[in-house]
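Reading through the structure tokens given below for one structure.
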4 protein chains.
Amino acid sequence: MTQNASGSGKVSKRAQAQRERILAAAQKCFVEYGFHAASMASISEAAGMSPGLIYRYFENKDSIILAIIERQLEEGRANIAALRADTDLKPGIIDLFRSWQQNYPDAMSAPLFLEMTVEASRNPQIAEALQATDAVIRNDFTAWMKRTCASNGIHLSDEEVQWRAFSLKCFIEGLAIRAVREPDLDMSVLHNSLKAMLPLLLPLPDKAGD
Amino acid sequence: MTQNASGSGKVSKRAQAQRERILAAAQKCFVEYGFHAASMASISEAAGMSPGLIYRYFENKDSIILAIIERQLEEGRANIAALRADTDLKPGIIDLFRSWQQNYPDAMSAPLFLEMTVEASRNPQIAEALQATDAVIRNDFTAWMKRTCASNGIHLSDEEVQWRAFSLKCFIEGLAIRAVREPDLDMSVLHNSLKAMLPLLLPLPDKAGD
Amino acid sequence: MTQNASGSGKVSKRAQAQRERILAAAQKCFVEYGFHAASMASISEAAGMSPGLIYRYFENKDSIILAIIERQLEEGRANIAALRADTDLKPGIIDLFRSWQQNYPDAMSAPLFLEMTVEASRNPQIAEALQATDAVIRNDFTAWMKRTCASNGIHLSDEEVQWRAFSLKCFIEGLAIRAVREPDLDMSVLHNSLKAMLPLLLPLPDKAGD
Amino acid sequence: MTQNASGSGKVSKRAQAQRERILAAAQKCFVEYGFHAASMASISEAAGMSPGLIYRYFENKDSIILAIIERQLEEGRANIAALRADTDLKPGIIDLFRSWQQNYPDAMSAPLFLEMTVEASRNPQIAEALQATDAVIRNDFTAWMKRTCASNGIHLSDEEVQWRAFSLKCFIEGLAIRAVREPDLDMSVLHNSLKAMLPLLLPLPDKAGD
DNA sequence: AATGAATGAGCCTTCATTCAT
DNA sequence: TATGAATGAAGGCTCATTCAT
């Protein structure tokens, strides 16, 4: 093994850039065709390189999938981490939903998110990655919620925070499904839901206006 | 074209039975391996017939997938239709979640449900089928909710029913994702969520017990 | 697994014939190009069938190699078994050597025999097959030698028969190497060697003439 | 052609050293994996240089194989040349056999020897090299045998020496095959064979002991 | 109606070789 | 000289689909 196909040891800047190039291309292809329908040839073409070269940077197709997934997960964690105590979730969720409906090839993609999930049910390695990150995300999110409530003078028991965070997560992830299945859903439904639901789960004092 | 592979025109009883056999086999295989990893060979074996014969009843693999999806959708509609005004959703949802976690080969399967959804983002025919049925289901479900509230003396505006139904749907579908990603989730979280969430969305008078 | 790719269970006559066709083609290609340089495409072409079809009858290329090897081994055993107590080895060996020098694509081939041997040093499965058959062949050959000597009134101890059989085997197999490396060896050398060597190892009473 | 990849013309000392480094590495790899399974990458790694550099010293992989073969042949000739008139072959052969069974990565390797031979049956250039050297070796060996016998007071006709040398060569080369196919052969068989065979071919007066 | 043998395009992957640096 | 990134032609294998029987 001369290549640094698997992520051990130092990697040159160029190598990092190439990996990025491949991952970007792969993401595009995965979004467009799905994990399995996307061929290595299509990825290499999208990345503007020969098929063989990909294998200098990734051991095989699966490990590209895994890298994409880990990347998405980190992004998810970053999003949670970026939440401030006084963040209003509503606009963020609406944006998220919109981007899901549009299915942008570069951004977080709802089909990809769902496919990731499905993949976990067949590929233990992916299942593990997902579980690990989901646990982190859950904790981060729960912590954020607790903090947010606290800073608004509301004190909730751990159990209470837990079910609220869980429910909200389910709701938001359920939106991924809706975004795919109803690409032209009347947004007012979502607005209404958020306006009514969110306060139920995050019982913060009213902000003025909508 | 001698075959009636596509569903136009009269179809003999035998043909219907054969289609059923194939669909049942396909469903089993799809649940076990996923749409794409399941091979026609595995389906034909599960159906106890030759691969060639399948093509007398279905034009190709995609149309089997389509048929499976339509079937699932009908089942979904039937489930909604079977709801009675006084149904308590909680046990049903818990059962559903459990079956999702177990990934039973015959029953509704969470990964399959998600894969169906993903498929819609690439296959317009499937997208259409999903949209059409989701619309029906939404109506049915909303109607059920309205009826149920009414029969409990609670009167909600259309808009109100709508966001509640939508939210509940998202929550439940979000559970499908959780079921796959956290196959060994502590059920108490779910119990707590349902105990607290459900009344928020379905403001029925308290039943005694749990 | 619908196919009977591996040799378990009953196999139809047609299947047997196909396997034969493939093995014959493979043997031809292996002789011509070697195990590794012979491609599945070349084999399928030689067999007059599509590449995919081969996999209905053989699990993979390795198992074709293995089958070829087992076939050769059986042939070797059959040759030993066909020896009669009064067989004169000399003409048989000379014929063998000649056929080796010619490298006929259908018959036993010296390069193939050598390649089989090399392969054993890297592929444990093949090593095992070779060892198993070599043991049988050794026994058969030793038994034949003992019988032959006995029927000529010569009684040798087990140990004596053993080293003679071993030496003769080495000599003959060494001829395979010579046949490949000296395709136009002056046959008189071989004749002389056999005339002088053979009696040393197989001390039978003189037959008249050469 | 700027490179002196093919061995024509003057070559600098450094170039010679580099070639040596490559050949040593190649030999190691060939012994370990075989000619075809050994990749240029593995060779370059073993040689501690980049793959590209190898092509400055060798035109392609085949010419490395050829060089290795020529090297082995020279070694073989050297071994023969090193024989002294009074050498007792037995311990040498036993050592040889042992080293073959062990398949040492640096020393002469039985599989490699066989693979070399096989290669000759497909590559005329190699065939030629082998034939040429085998002729030399045969002469050297025959000469040594004649000398040895003479110095022991035994006079053999040319023809007699010839068949004895030939037979002995076949026997020894046959041992290479046995070494690969029976890596755990009971050495006593070999001892017995040599004790009995060798005097038959090399009719020297008895030395005391075994 | 049914079989299952047969096809062949296409997939992932490897590796000898080249070339910009 | 030397590097090692890059190429691209195969190679082994799979599988949806067809077709002779």
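Odds and ends about this structure:
- The residue pairs whose first member lies in the range A:171-184 and is within 7 Å of another protein chain (Cβ to nearest Cβ), whose second member is crowded, with 24+ Cβ neighbours inside 10 Å and of a type in the set (S, T, N, Q), and whose beta carbons are closer than 6 Å, counting only pairs six or more residues apart or on different chains, are A:Ile177/B:Thr117; A:Val180/B:Thr117; A:Val180/B:Ser121; A:Arg181/B:Thr117.
- Yes/no for A:Gln72 being part of a helix (DSSP H, G or I) and closer than 21 Å to B:Thr117 by Cα: yes
- On inspection, C:Met49 fails the criterion of being surrounded by 14 or more Cβ atoms within 10 Å (Cβ to Cβ), assigned by TED's automatic domain parsing to the domain that holds C:Val11 and within 8 Å of DNA strand F (Cβ to nearest atom).
- Restricting attention to the range A:117-135, the residues that are of a type in the set (Asp, Glu) and either at the interface with another protein chain (Cβ under 9 Å from one of its Cβ atoms) or touching a strand residue (DSSP E or B) at 6+ places or on another chain (Cβ under 8 Å) (or both) total 2.
- Checking B:Ile43, B:Ile65 one by one, the residue that is outside any loop (DSSP other than H, G, I, E, B), within 11 Å of DNA strand F (Cβ to nearest atom) and within 14 Å of chain C (Cβ to nearest Cβ) is B:Ile43 and no other.
- Test for A:Ala5: is it more than 14 Å from chain B (Cβ to nearest Cβ), more than 9 Å from DNA strand F (Cβ to nearest atom), surrounded by 14 or more Cβ atoms within 10 Å (Cβ to Cβ) and at pLDDT below 95: yes
- Filtered by the rule that a residue be over 23 Å from the mean Cα position of the chain (by Cα) and buried (at least 19 other Cβ atoms within 10 Å of the Cβ), the range C:137-165 gives a lone residue, C:Cys149.
- Residues of the range B:136-147 include none that is in contact (Cβ under 8 Å) with a residue 60 or more places away in the chain, within 8 Å of chain A (Cβ to nearest Cβ) and among the aliphatic types (A, V, I, L, M).
- Meets criteria (more than 14 Å from chain D (Cβ to nearest Cβ), within 16 Å of DNA strand E (Cβ to nearest atom) and either surrounded by 15 or more Cβ atoms within 10 Å (Cβ to Cβ) or assigned to a loop (DSSP other than H, G, I, E, B) (or both)) for C:Ile80: no
- Scope the range D:155-175; condition under 12 Å from C:Leu175 (Cα atoms) and of a type in the set (A, V, I, L, M, F, W, C); matching residues: D:Phe166, D:Leu168, D:Cys170, D:Phe171, D:Ile172, D:Leu175
- Qualifying residue in the range B:82-89 (condition: of a type in the set (S, T, N, Q), in contact with a Leu (Cβ under 9 Å, 6 or more places away or on another chain) and assigned by TED's automatic domain parsing to the domain that holds B:Pro183): no
- Flag if C:Leu114 is under 30 Å from C:Leu185 (Cα atoms), within 9 Å of chain D (Cβ to nearest Cβ) and surrounded by 14 or more Cβ atoms within 10 Å (Cβ to Cβ): yes
- Some residue of the range B:84-97 being under 22 Å from the mean Cα position of the chain (by Cα), at pLDDT below 95, polar (S, T, N, Q) and in a loop (DSSP other than H, G, I, E, B): yes
- Hey, A:Asp106 within 30 Å of A:Asn152 (Cβ to Cβ) and either more than 14 Å from chain B (Cβ to nearest Cβ) or acidic (Asp, Glu) (or both) or not: no
- Of the residues making up the range A:60-72, none is among the β-branched types (Val, Ile, Thr), modelled with pLDDT of 90 or more, under 30 Å from A:Pro183 (Cα atoms) and surrounded by fewer than 18 Cβ atoms within 10 Å (Cβ to Cβ).
- Enumeration of residues in the range A:185-196 that are crowded, with 18+ Cβ neighbours inside 10 Å and facing chain B (nearest Cβ under 7 Å): A:Val189, A:Asn192, A:Ser193
The values are calculated or read from the model by the stated rules, or taken from the named source; none is laboratory data. Everything numeric in this text was worked out from a predicted model, so none of it was measured. Cβ atoms come from the backbone with ideal geometry, glycine included; neighbour counts cover every protein chain shown.
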